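The values are calculated or read from the model by the stated rules, or taken from the named source; none is laboratory data. Please read these numbers as outputs of a predicted model, since none were measured by experiment. With ideal geometry, Cβ positions are generated from the backbone for all residues, glycine too; neighbour counts draw on all protein chains shown.
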Amino acid sequence: MQRRLKIIEGQIRGLQKMVENEEYCIDIITQSQAARQALSGVEDLMLENHLSTHVIEQIKSGENKKAIREILAVHKLSKNK
């Protein structure tokens, strides 16, 4: 996860330089979309991790209502992508 975030950080710095250097708009937009997709990938991993760890533990410990709320929250977040 940290590695992915470092890559995204580099992409954002690259975008800043592109804007400062007034590079071609389409190239900037292309890089921006790549960074957005990379962030989306990080979100997907975080959501998967949350479901496979925290929510599973809630179910195992009998906190079914809380687990259902968490699953619904994850579902709502994933729909907003």
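What to note about this one:
- Selection of first residues in the range 1-27 that are in contact (Cβ under 8 Å) with a residue 40 or more places away in the chain and of second residues that are surrounded by 11 or more Cβ atoms within 10 Å (Cβ to Cβ) and assigned to a helix (DSSP H, G or I), restricted to Cβ pairs under 8 Å at least 6 apart or on distinct chains, gives the following pairs, ordered by first then second residue: 1/42; 1/45; 1/46; 4/38; 4/41; 4/42; 4/45.
- Number of the condition not met by residue 26 [criteria: (1) modelled with pLDDT of 90 or more; (2) under 18 Å from the mean Cα position of the chain (by Cα); (3) among the hydrophobic types (A, V, I, L, M, F, W, C); (4) farther than 19 Å from residue 5 by Cα]: (2)
- Checking each residue in the range 54-63 for being part of a helix (DSSP H, G or I), surrounded by fewer than 11 Cβ atoms within 10 Å (Cβ to Cβ) and of a type outside the set (Lys, Arg) picks out no residue at all.
- Looking only at the range 9-53, residues that are outside any helix (DSSP H, G or I) and either touching an Asp or Glu at 6+ places or on another chain (Cβ under 6 Å) or not acidic (Asp, Glu) (or both) come to 2 in all.
- Checking each residue in the range 64-81 for being part of a helix (DSSP H, G or I) and loosely packed, with under 10 Cβ neighbours inside 10 Å picks out 65, 76, 79.
- Count - residues of the range 27-50 that are of a type in the set (A, V, I, L, M), exposed (fewer than 15 other Cβ atoms within 10 Å of the Cβ) and within 16 Å of residue 75 (Cβ to Cβ): 1
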